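Participant: One structure, as C-alpha coordinates, below. Some questions next.
The values are calculated or read from the model by the stated rules, or taken from the named source; none is laboratory data. Nothing here was measured: the structure is a model prediction, and the numbers come from that model. Glycine also receives a Cβ, built like all others from the backbone with ideal geometry; neighbour counts cover every protein chain displayed. Ligands, DNA and RNA are stripped out before the accessible areas are found, and what is left, the full protein with its side chains, is counted by its heavy atoms. Shrake-Rupley method; radii C 1.70, N 1.55, O 1.52, S 1.80 Å.
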Amino acid sequence: MILGIETSCDDTSVAVLDGFTIRSLVTQSQLADHVKYGGIVPEIASRRHIATIAAVYQAALDEAGVRPADIDCVAATRGPGLSGALVVGLNFAKGLAMGLGVPLIGVNHLEAHVYATWIEREELGFPELPAVCLVVSGGHSEITIMREHGDHRLIGRTRDDAAGEAFDKVARVLGLGFPGGPAIQRLIDDDGDGSLEPFNLPRAWLEGSYDFSFSGLKTAVYRAKAGKLGPSETRRIFKDGGQRAFELGDASAHARMASGFQDAIVDVLVAKTAAAAREFEARSVIVAGGVAANRLLREKMTAAVDVPLFLPEIRLCTDNAAMVAMAGAFMLQRGEIAPAELDVDPNLPLTQ
Ligand code: KG4
Ligand code: ZN
(Lines give C-alpha, C1' and ligand atoms only; values in the text may rest on other atoms or scores of the structure.)
(Ligands and ions follow the chains in the order given, each with its own letter.)
Protein backbone atom coordinates (compact mmCIF):
# COMPACT_ATOMS: atom_id res chain seq x y z
CA MET A 1 0.00 0.00 0.00
CA ILE A 2 1.80 3.10 -1.24
CA LEU A 3 0.75 6.65 -0.43
CA GLY A 4 1.61 9.09 -3.25
CA ILE A 5 1.90 12.86 -2.89
CA GLU A 6 2.09 15.36 -5.78
CA THR A 7 2.55 19.13 -5.34
CA SER A 8 4.91 20.12 -8.17
CA CYS A 9 2.62 22.75 -9.68
CA ASP A 10 -0.99 23.76 -9.00
CA ASP A 11 -2.60 20.47 -7.95
CA THR A 12 -2.48 19.19 -4.38
CA SER A 13 -2.94 15.47 -4.88
CA VAL A 14 -2.75 12.43 -2.60
CA ALA A 15 -3.44 8.82 -3.63
CA VAL A 16 -3.42 5.38 -2.09
CA LEU A 17 -2.23 2.70 -4.50
CA ASP A 18 -2.60 -0.99 -3.71
CA GLY A 19 -0.43 -2.86 -6.18
CA PHE A 20 -1.58 -1.50 -9.56
CA THR A 21 -5.00 -0.51 -8.26
CA ILE A 22 -6.09 2.96 -7.16
CA ARG A 23 -7.75 2.74 -3.73
CA SER A 24 -8.18 6.51 -3.66
CA LEU A 25 -7.10 9.58 -5.57
CA VAL A 26 -7.96 13.01 -4.22
CA THR A 27 -6.85 16.09 -6.14
CA GLN A 28 -7.50 19.65 -5.11
CA SER A 29 -6.91 22.01 -8.02
CA GLN A 30 -5.88 25.59 -7.29
CA LEU A 31 -6.70 26.75 -10.80
CA ALA A 32 -9.35 29.19 -9.61
CA ASP A 33 -6.71 31.02 -7.54
CA HIS A 34 -4.42 31.46 -10.57
CA VAL A 35 -6.73 32.08 -13.55
CA LYS A 36 -6.94 35.81 -12.99
CA TYR A 37 -3.16 35.99 -13.50
CA GLY A 38 -3.30 33.94 -16.72
CA GLY A 39 -0.83 31.38 -15.38
CA ILE A 40 0.51 29.76 -12.22
CA VAL A 41 1.92 32.13 -9.60
CA PRO A 42 4.55 30.16 -7.62
CA GLU A 43 4.11 31.97 -4.30
CA ILE A 44 0.35 31.43 -4.35
CA ALA A 45 0.84 27.78 -5.30
CA SER A 46 3.05 27.05 -2.26
CA ARG A 47 0.64 28.71 0.11
CA ARG A 48 -2.39 26.91 -1.30
CA HIS A 49 -0.58 23.56 -0.98
CA ILE A 50 0.26 24.21 2.66
CA ALA A 51 -3.31 25.19 3.40
CA THR A 52 -4.88 22.11 1.76
CA ILE A 53 -2.46 19.20 1.99
CA ALA A 54 -3.54 17.86 5.39
CA ALA A 55 -7.21 17.77 4.37
CA VAL A 56 -6.41 16.16 1.02
CA TYR A 57 -4.31 13.51 2.81
CA GLN A 58 -7.16 12.78 5.24
CA ALA A 59 -9.68 12.58 2.40
CA ALA A 60 -7.45 10.12 0.52
CA LEU A 61 -7.21 7.85 3.58
CA ASP A 62 -10.96 8.05 4.16
CA GLU A 63 -11.81 7.34 0.53
CA ALA A 64 -9.44 4.34 0.52
CA GLY A 65 -10.78 3.12 3.85
CA VAL A 66 -7.29 2.72 5.29
CA ARG A 67 -5.59 3.90 8.47
CA PRO A 68 -2.14 5.50 8.53
CA ALA A 69 -0.75 2.26 9.95
CA ASP A 70 -1.77 0.43 6.75
CA ILE A 71 0.63 2.51 4.66
CA ASP A 72 3.83 0.66 3.70
CA CYS A 73 5.68 3.47 1.95
CA VAL A 74 5.33 7.18 1.16
CA ALA A 75 6.30 8.47 -2.31
CA ALA A 76 6.40 12.19 -3.11
CA THR A 77 7.42 14.25 -6.13
CA ARG A 78 10.83 15.88 -5.60
CA GLY A 79 11.14 17.58 -9.00
CA PRO A 80 10.99 18.96 -11.56
CA GLY A 81 8.52 21.69 -10.67
CA LEU A 82 8.12 24.85 -8.62
CA SER A 83 10.53 24.66 -5.70
CA GLY A 84 8.28 26.15 -3.04
CA ALA A 85 5.42 23.92 -4.13
CA LEU A 86 7.61 20.80 -4.15
CA VAL A 87 8.89 21.60 -0.64
CA VAL A 88 5.37 21.43 0.79
CA GLY A 89 4.65 17.92 -0.54
CA LEU A 90 8.09 16.47 0.06
CA ASN A 91 8.29 17.77 3.59
CA PHE A 92 4.80 16.54 4.42
CA ALA A 93 5.87 13.13 3.06
CA LYS A 94 9.05 13.18 5.13
CA GLY A 95 7.22 13.86 8.37
CA LEU A 96 4.66 11.20 7.54
CA ALA A 97 7.23 8.53 6.63
CA MET A 98 9.24 9.27 9.78
CA GLY A 99 6.18 9.23 11.99
CA LEU A 100 4.97 5.93 10.52
CA GLY A 101 8.45 4.40 10.38
CA VAL A 102 8.11 3.53 6.66
CA PRO A 103 10.43 4.25 3.70
CA LEU A 104 10.27 7.56 1.83
CA ILE A 105 10.71 7.64 -1.97
CA GLY A 106 11.55 10.84 -3.88
CA VAL A 107 9.95 10.60 -7.31
CA ASN A 108 10.77 12.34 -10.59
CA HIS A 109 7.55 13.99 -11.80
CA LEU A 110 8.26 13.16 -15.47
CA GLU A 111 8.97 9.52 -14.68
CA ALA A 112 5.69 9.50 -12.75
CA HIS A 113 3.86 10.68 -15.89
CA VAL A 114 5.32 7.70 -17.76
CA TYR A 115 4.23 5.30 -14.99
CA ALA A 116 0.63 6.51 -15.24
CA THR A 117 0.50 3.94 -18.08
CA TRP A 118 1.03 1.07 -15.62
CA ILE A 119 -1.92 1.92 -13.39
CA GLU A 120 -4.84 -0.54 -13.47
CA ARG A 121 -3.34 -2.22 -16.54
CA GLU A 122 -2.90 -5.76 -15.22
CA GLU A 123 -5.57 -7.23 -17.48
CA LEU A 124 -4.57 -5.32 -20.60
CA GLY A 125 -0.86 -5.99 -20.17
CA PHE A 126 2.03 -3.63 -19.44
CA PRO A 127 4.33 -1.85 -21.89
CA GLU A 128 7.23 -4.04 -22.95
CA LEU A 129 10.72 -2.57 -22.88
CA PRO A 130 12.50 -0.96 -24.56
CA ALA A 131 9.74 1.62 -24.85
CA VAL A 132 9.95 4.91 -26.71
CA CYS A 133 8.25 7.55 -24.55
CA LEU A 134 6.82 10.88 -25.61
CA VAL A 135 6.50 13.01 -22.48
CA VAL A 136 4.51 16.15 -23.22
CA SER A 137 3.45 18.44 -20.39
CA GLY A 138 3.22 22.13 -19.58
CA GLY A 139 6.95 22.40 -18.89
CA HIS A 140 8.51 19.54 -20.88
CA SER A 141 8.45 17.89 -24.29
CA GLU A 142 10.85 15.00 -24.73
CA ILE A 143 11.21 11.76 -26.61
CA THR A 144 13.10 9.23 -24.52
CA ILE A 145 13.94 5.58 -24.63
CA MET A 146 13.30 3.48 -21.55
CA ARG A 147 15.39 0.33 -21.78
CA GLU A 148 14.93 -0.78 -18.18
CA HIS A 149 12.87 0.51 -15.31
CA GLY A 150 14.66 3.62 -14.06
CA ASP A 151 16.82 3.93 -17.18
CA HIS A 152 15.63 6.77 -19.43
CA ARG A 153 17.78 8.17 -22.25
CA LEU A 154 17.08 11.31 -24.21
CA ILE A 155 16.33 11.01 -27.94
CA GLY A 156 14.93 14.47 -28.59
CA ARG A 157 13.55 17.47 -26.77
CA THR A 158 12.01 20.84 -27.43
CA ARG A 159 14.45 23.61 -28.22
CA ASP A 160 12.03 26.30 -27.04
CA ASP A 161 8.44 25.96 -25.82
CA ALA A 162 6.98 22.77 -24.41
CA ALA A 163 3.93 21.45 -26.28
CA GLY A 164 1.58 22.21 -23.39
CA GLU A 165 3.10 25.66 -23.02
CA ALA A 166 2.40 26.33 -26.70
CA PHE A 167 -1.24 25.26 -26.20
CA ASP A 168 -1.45 27.61 -23.19
CA LYS A 169 0.10 30.60 -24.99
CA VAL A 170 -1.93 30.21 -28.17
CA ALA A 171 -5.11 29.82 -26.12
CA ARG A 172 -4.33 33.14 -24.48
CA VAL A 173 -3.96 34.86 -27.87
CA LEU A 174 -7.29 33.37 -28.91
CA GLY A 175 -8.88 34.72 -25.73
CA LEU A 176 -9.55 31.25 -24.33
CA GLY A 177 -9.10 30.14 -20.74
CA PHE A 178 -6.21 28.53 -18.90
CA PRO A 179 -5.06 25.78 -19.18
CA GLY A 180 -5.05 26.14 -22.92
CA GLY A 181 -5.05 22.51 -24.07
CA PRO A 182 -8.55 21.63 -22.90
CA ALA A 183 -9.82 25.10 -23.95
CA ILE A 184 -8.49 24.70 -27.50
CA GLN A 185 -9.90 21.19 -27.78
CA ARG A 186 -13.29 22.45 -26.57
CA LEU A 187 -13.34 25.34 -29.07
CA ILE A 188 -12.68 22.91 -31.94
CA ASP A 189 -15.27 20.40 -30.66
CA ASP A 190 -17.91 23.08 -30.11
CA ASP A 191 -17.64 24.02 -33.73
CA GLY A 192 -19.33 20.70 -34.16
CA ASP A 193 -19.81 18.84 -37.37
CA GLY A 194 -16.15 18.24 -38.24
CA SER A 195 -16.34 20.45 -41.32
CA LEU A 196 -13.98 23.03 -39.81
CA GLU A 197 -11.29 23.92 -42.37
CA PRO A 198 -8.11 24.43 -40.33
CA PHE A 199 -5.77 27.27 -41.24
CA ASN A 200 -2.43 26.06 -42.53
CA LEU A 201 0.20 26.77 -39.87
CA PRO A 202 3.93 26.06 -40.18
CA ARG A 203 5.56 22.90 -38.84
CA ALA A 204 9.21 22.93 -37.76
CA TRP A 205 10.47 19.52 -38.84
CA LEU A 206 14.15 20.02 -37.81
CA GLU A 207 15.18 17.31 -40.26
CA GLY A 208 17.69 14.77 -39.03
CA SER A 209 16.86 15.38 -35.38
CA TYR A 210 14.21 14.22 -32.94
CA ASP A 211 14.09 17.69 -31.39
CA PHE A 212 11.02 19.91 -31.52
CA SER A 213 10.49 23.64 -31.91
CA PHE A 214 7.08 25.16 -31.29
CA SER A 215 7.89 28.83 -30.90
CA GLY A 216 7.66 29.61 -34.65
CA LEU A 217 4.19 28.10 -34.71
CA LYS A 218 3.16 30.11 -31.66
CA THR A 219 4.62 33.30 -33.14
CA ALA A 220 2.75 32.74 -36.42
CA VAL A 221 -0.53 32.76 -34.47
CA TYR A 222 0.55 35.90 -32.54
CA ARG A 223 1.48 37.73 -35.72
CA ALA A 224 -1.64 36.61 -37.57
CA LYS A 225 -3.73 38.01 -34.73
CA ALA A 226 -1.83 41.31 -34.79
CA GLY A 227 -2.13 41.56 -38.59
CA LYS A 228 1.66 41.45 -38.94
CA LEU A 229 2.18 38.56 -41.35
CA GLY A 230 4.12 39.06 -44.56
CA PRO A 231 2.33 38.49 -47.92
CA SER A 232 3.68 34.99 -48.55
CA GLU A 233 2.94 33.87 -45.00
CA THR A 234 -0.56 35.26 -45.31
CA ARG A 235 -1.08 33.31 -48.52
CA ARG A 236 0.22 30.10 -46.94
CA ILE A 237 -1.78 30.34 -43.72
CA PHE A 238 -5.06 31.77 -45.06
CA LYS A 239 -5.05 30.15 -48.46
CA ASP A 240 -8.79 30.63 -49.02
CA GLY A 241 -9.31 33.80 -47.01
CA GLY A 242 -10.42 34.22 -43.41
CA GLN A 243 -7.61 36.56 -42.37
CA ARG A 244 -9.83 39.55 -41.78
CA ALA A 245 -12.42 37.52 -39.85
CA PHE A 246 -9.64 36.13 -37.68
CA GLU A 247 -8.12 39.53 -36.93
CA LEU A 248 -11.56 40.83 -36.00
CA GLY A 249 -12.10 37.99 -33.51
CA ASP A 250 -14.73 36.00 -35.42
CA ALA A 251 -15.47 32.82 -33.43
CA SER A 252 -15.35 30.33 -36.25
CA ALA A 253 -12.16 31.87 -37.66
CA HIS A 254 -10.68 31.40 -34.17
CA ALA A 255 -11.77 27.78 -34.22
CA ARG A 256 -10.08 27.33 -37.62
CA MET A 257 -6.87 28.82 -36.17
CA ALA A 258 -7.08 26.60 -33.06
CA SER A 259 -7.59 23.57 -35.27
CA GLY A 260 -4.66 24.49 -37.54
CA PHE A 261 -2.46 24.95 -34.51
CA GLN A 262 -3.49 21.61 -33.01
CA ASP A 263 -2.92 19.84 -36.35
CA ALA A 264 0.59 21.31 -36.63
CA ILE A 265 1.65 20.29 -33.11
CA VAL A 266 0.12 16.83 -33.35
CA ASP A 267 1.64 16.11 -36.80
CA VAL A 268 5.15 16.78 -35.53
CA LEU A 269 4.74 14.90 -32.23
CA VAL A 270 3.30 11.86 -33.98
CA ALA A 271 5.78 11.72 -36.89
CA LYS A 272 8.85 12.03 -34.65
CA THR A 273 7.63 9.56 -32.05
CA ALA A 274 6.71 6.96 -34.67
CA ALA A 275 10.07 7.41 -36.43
CA ALA A 276 11.98 7.10 -33.13
CA ALA A 277 10.10 3.90 -32.30
CA ARG A 278 11.19 2.41 -35.63
CA GLU A 279 14.81 3.56 -35.44
CA PHE A 280 15.30 2.41 -31.85
CA GLU A 281 13.35 -0.83 -32.39
CA ALA A 282 11.02 -0.12 -29.50
CA ARG A 283 8.67 -2.89 -28.39
CA SER A 284 6.12 -0.34 -27.23
CA VAL A 285 5.37 3.37 -27.34
CA ILE A 286 4.21 5.35 -24.31
CA VAL A 287 2.66 8.83 -24.57
CA ALA A 288 2.36 10.65 -21.24
CA GLY A 289 1.95 14.06 -19.61
CA GLY A 290 -0.95 16.52 -19.70
CA VAL A 291 -0.92 16.87 -23.51
CA ALA A 292 -1.46 13.08 -23.79
CA ALA A 293 -5.08 13.90 -22.89
CA ASN A 294 -5.47 15.48 -26.32
CA ARG A 295 -7.88 13.43 -28.40
CA LEU A 296 -6.39 14.18 -31.82
CA LEU A 297 -2.93 13.23 -30.54
CA ARG A 298 -4.30 9.95 -29.17
CA GLU A 299 -6.08 9.12 -32.44
CA LYS A 300 -3.23 10.02 -34.77
CA MET A 301 -0.62 8.29 -32.61
CA THR A 302 -2.74 5.13 -32.53
CA ALA A 303 -2.84 5.14 -36.32
CA ALA A 304 0.87 5.90 -36.78
CA VAL A 305 2.83 3.55 -34.52
CA ASP A 306 3.33 -0.06 -35.52
CA VAL A 307 4.06 -1.43 -32.02
CA PRO A 308 1.61 -1.50 -29.08
CA LEU A 309 0.77 2.04 -27.93
CA PHE A 310 0.15 2.83 -24.27
CA LEU A 311 -1.78 5.92 -23.23
CA PRO A 312 -2.78 6.66 -19.64
CA GLU A 313 -6.46 6.98 -18.87
CA ILE A 314 -7.44 10.62 -19.59
CA ARG A 315 -7.83 11.50 -15.90
CA LEU A 316 -4.33 10.14 -15.20
CA CYS A 317 -2.66 12.19 -17.97
CA THR A 318 -2.64 15.46 -16.03
CA ASP A 319 -0.91 15.85 -12.68
CA ASN A 320 -2.04 13.36 -10.05
CA ALA A 321 -0.62 11.47 -7.09
CA ALA A 322 -1.55 7.97 -8.31
CA MET A 323 1.22 8.15 -10.93
CA VAL A 324 3.68 9.27 -8.25
CA ALA A 325 2.76 6.27 -6.11
CA MET A 326 3.14 3.97 -9.16
CA ALA A 327 6.62 5.27 -9.98
CA GLY A 328 7.43 5.02 -6.27
CA ALA A 329 6.43 1.35 -6.24
CA PHE A 330 9.02 0.52 -8.92
CA MET A 331 11.68 2.53 -7.09
CA LEU A 332 10.88 0.78 -3.81
CA GLN A 333 11.34 -2.56 -5.57
CA ARG A 334 14.83 -1.42 -6.60
CA GLY A 335 15.57 -0.25 -3.05
CA GLU A 336 15.84 3.41 -4.05
CA ILE A 337 14.86 4.78 -0.67
CA ALA A 338 15.43 8.47 0.00
CA PRO A 339 17.97 9.61 2.58
CA ALA A 340 16.63 11.74 5.43
CA GLU A 341 18.22 14.86 3.96
CA LEU A 342 16.62 14.50 0.51
CA ASP A 343 15.97 17.92 -1.02
CA VAL A 344 13.67 19.00 -3.84
CA ASP A 345 15.21 19.59 -7.28
CA PRO A 346 13.19 22.05 -9.42
CA ASN A 347 15.26 21.12 -12.50
CA LEU A 348 15.50 17.37 -12.00
CA PRO A 349 15.98 15.80 -15.47
CA LEU A 350 14.24 12.61 -16.57
CA THR A 351 17.14 11.31 -18.58
CA GLN A 352 20.75 10.55 -17.79
O1 KG4 B 1 1.39 17.25 -16.99
P2 KG4 B 1 0.57 18.43 -16.70
O3 KG4 B 1 -0.78 18.24 -16.03
O4 KG4 B 1 1.36 19.46 -15.83
C5 KG4 B 1 2.73 19.66 -16.01
O6 KG4 B 1 3.50 18.82 -15.49
O7 KG4 B 1 3.06 20.62 -16.73
O8 KG4 B 1 0.37 19.19 -18.09
C9 KG4 B 1 -0.33 20.37 -18.19
C10 KG4 B 1 -0.34 20.79 -19.64
C11 KG4 B 1 -0.93 22.17 -19.86
O12 KG4 B 1 -0.04 22.91 -20.67
C13 KG4 B 1 -2.24 21.89 -20.60
O14 KG4 B 1 -2.61 22.92 -21.50
C15 KG4 B 1 -1.92 20.60 -21.31
O16 KG4 B 1 -1.13 19.88 -20.42
N17 KG4 B 1 -3.14 19.83 -21.63
C18 KG4 B 1 -3.58 19.59 -22.88
C19 KG4 B 1 -4.82 18.91 -22.77
N20 KG4 B 1 -5.09 18.75 -21.43
C21 KG4 B 1 -4.05 19.34 -20.76
N22 KG4 B 1 -3.04 19.90 -24.08
C23 KG4 B 1 -3.71 19.53 -25.18
N24 KG4 B 1 -4.90 18.90 -25.15
C25 KG4 B 1 -5.50 18.56 -23.99
N26 KG4 B 1 -6.67 17.93 -23.97
ZN1 ZN C 1 2.95 17.11 -14.97
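Participant: If you average 1/r over every pair of different alpha-carbon atoms in region 184-293 and take one over that average, what Kirkwood value in Å do you get?
Facilitator: Averaging 1/r across every pair of different Cα atoms and inverting gives 15.4 Å.
Participant: So how tilted is helix 321-333 from the main axis of the chain? Cα-based, degrees 0 to 90, rounded to 10.
Facilitator: Helix 321-333 sits roughly 50 degrees off the main axis of the chain.
Participant: Of the DSSP beta bridges with both residues in region 7-127, give the percent that are antiparallel, rounding to the nearest 5.
Facilitator: 60
Participant: How compact and how long is the chain, expressed as Rg and Dmax of its alpha-carbon atoms in Å?
Facilitator: Values for the chain (Cα only, Rg and Dmax): 20.8, 68 Å.
Participant: Using a Gaussian network model of the chain whose springs link C-alpha atoms within less than 10 Å, name the residue from VAL35, VAL87, VAL291 with the highest mean-square fluctuation.
Facilitator: In this elastic network of the chain, the residue with the biggest mean-square fluctuation among VAL35, VAL87, VAL291 is VAL35.
Participant: Can you run phi through the Karplus equation (6.51, -1.76, 1.60; θ = phi - 60°) for region 151-159 and list ³J(HN,Hα) in whole Hz, with x for Gly and Pro?
Facilitator: Result, ordered by residue: 10, 10, 10, 7, 10, x, 8, 6, 8 Hz.
Participant: Quote the charge dipole size of region 195-352 about the Cα centre in Debye, to the nearest 20; the model charges only the Cβ of Lys and Arg (+1) and of Asp and Glu (-1).
Facilitator: Dipole of region 195-352, to the nearest 20 debye: 700 debye.
Participant: What nm value, rounded to one decimal, do you get for the distance between ALA340 and ALA226 when each label is placed 7 Å out toward the C-beta?
Facilitator: Reported label-point gap for ALA340 and ALA226 is 5.6 nm.
Participant: What's the ranking of 240-248, 17-25 by average number of surrounding C-beta atoms within 10 Å, highest first?
Facilitator: Output ranking for 240-248, 17-25: 17-25, 240-248.
Participant: How far, in nm, would the chain grow between GLU281 and SER83 when pulled straight, counting 0.36 nm per residue and subtracting the alpha carbon separation?
Facilitator: 67.6 nm
Participant: Cut-off 17 Å, label point 7 angstrom out along Cα-to-Cβ of GLU63: give me the residues of region 3-17 whose amide nitrogen falls inside.
Facilitator: 3-8, 10-17
Participant: Now, a different point. Could you calculate the FRET efficiency of ARG153 with LEU31 from 1/(1 + (r/R0)^6), where r is the beta carbon distance between them and R0 is 41 Å, rounded to 0.05?
Facilitator: 0.75
Participant: So, in nm, how far is label LEU206 from label ASP18 when the simple model puts each one 7 Å beyond its Cα toward the Cβ?
Facilitator: Here the modelled spin labels are 4.5 nm apart.
Participant: Over the alpha-carbon set of region 233-314, work out the extent along each principal axis and list the three values in angstrom, largest first.
Facilitator: Its Cα atoms span 48, 26, 17 Å along the three principal axes.
Participant: A further question follows. Alpha carbons only, please: Rg and Dmax for region 100-170, in angstrom.
Facilitator: In order Rg, Dmax, the Cα atoms of region 100-170 give 14.6, 48 Å.
Participant: May I pose another question? Leaving out ligands and nucleic acids, note down the accessible area per residue over the chain with a 1.4 angstrom probe, in whole Å².
Facilitator: Ligands and nucleic acids excluded, the figure is 42 Å² per residue.
Participant: Right, something else. List the residues whose amide H sits under 5 Å from the amide H of HIS152, counting only those 5 or more places along or on another chain, with H placed 1.01 Å from N in the peptide plane.
Facilitator: Sorted by chain and number, the residues that satisfy this are GLN352.
Participant: Let me ask something additional. At 7 Å along Cα-to-Cβ for each site, give me the label-to-label distance between GLU197 and ARG235 in nm.
Facilitator: 1.8
Participant: Also, I was wondering about something else. Output wanted: per-residue J couplings in Hz (rounded whole) for region 114-123, from phi through Karplus 6.51 cos²θ - 1.76 cosθ + 1.60, θ = phi - 60°, x for Gly and Pro.
Facilitator: 4, 6, 4, 6, 8, 6, 6, 10, 3, 6
Participant: Continuing with this model, one more query. On the protein heavy atoms, probe 1.4 angstrom, tell me the percent of accessible surface of region 204-317 carried by carbon and sulfur. Mind dumping the intermediate values first?
Facilitator: On the way: 2600 of 4950 Å².
Roughly 53 percent of what the probe reaches on region 204-317 is carbon or sulfur.
Participant: Output the antiparallel fraction of DSSP beta bridges having both residues in the chain, as a percent to the nearest 5.
Facilitator: Details: 25 of 42 bridges.
That works out to approximately 60 percent antiparallel.
Participant: Find the eigenvalues of the gyration tensor of the Cα atoms of region 207-352, then list the square roots of 5 times those eigenvalues as equivalent ellipsoid semi-axes, largest first, in whole angstrom.
Facilitator: 38, 19, 15
Participant: Further question: Give me a comma-separated list of calculated 3J(HN,Hα) values for region 22-35, in order, Karplus coefficients 6.51, -1.76, 1.60 applied at θ = phi - 60°, integers in Hz, x for any Gly or Pro.
Facilitator: In residue order, the calculated couplings are 7, 7, 7, 8, 10, 10, 10, 7, 9, 3, 4, 7, 10, 3 Hz.
Participant: Nearest 0.05, what FRET efficiency do LEU129 and ARG172 give at R0 = 41 Å with Cβ-Cβ as r?
Facilitator: Between LEU129 and ARG172 the formula returns 0.60.
Participant: With a 10 Å cut-off between alpha carbons and a GNM built on the chain, which of THR52, THR77, THR144 moves the most?
Facilitator: Fluctuation is largest for THR52.
Participant: Ok, one more. Report, in degrees rounded to the nearest 10, the 0 to 90 angle that the Cα long axis of helix 295-304 makes with the longest principal axis of the chain.
Facilitator: 90
Participant: Using all alpha carbons of region 87-205, what is the percent of pairwise distances in each 5 Å bin, ordered from the shortest bin to the longest?
Facilitator: Pairs per bin, as whole percents: 2, 8, 12, 14, 14, 15, 15, 10, 5, 2, 1, 1.
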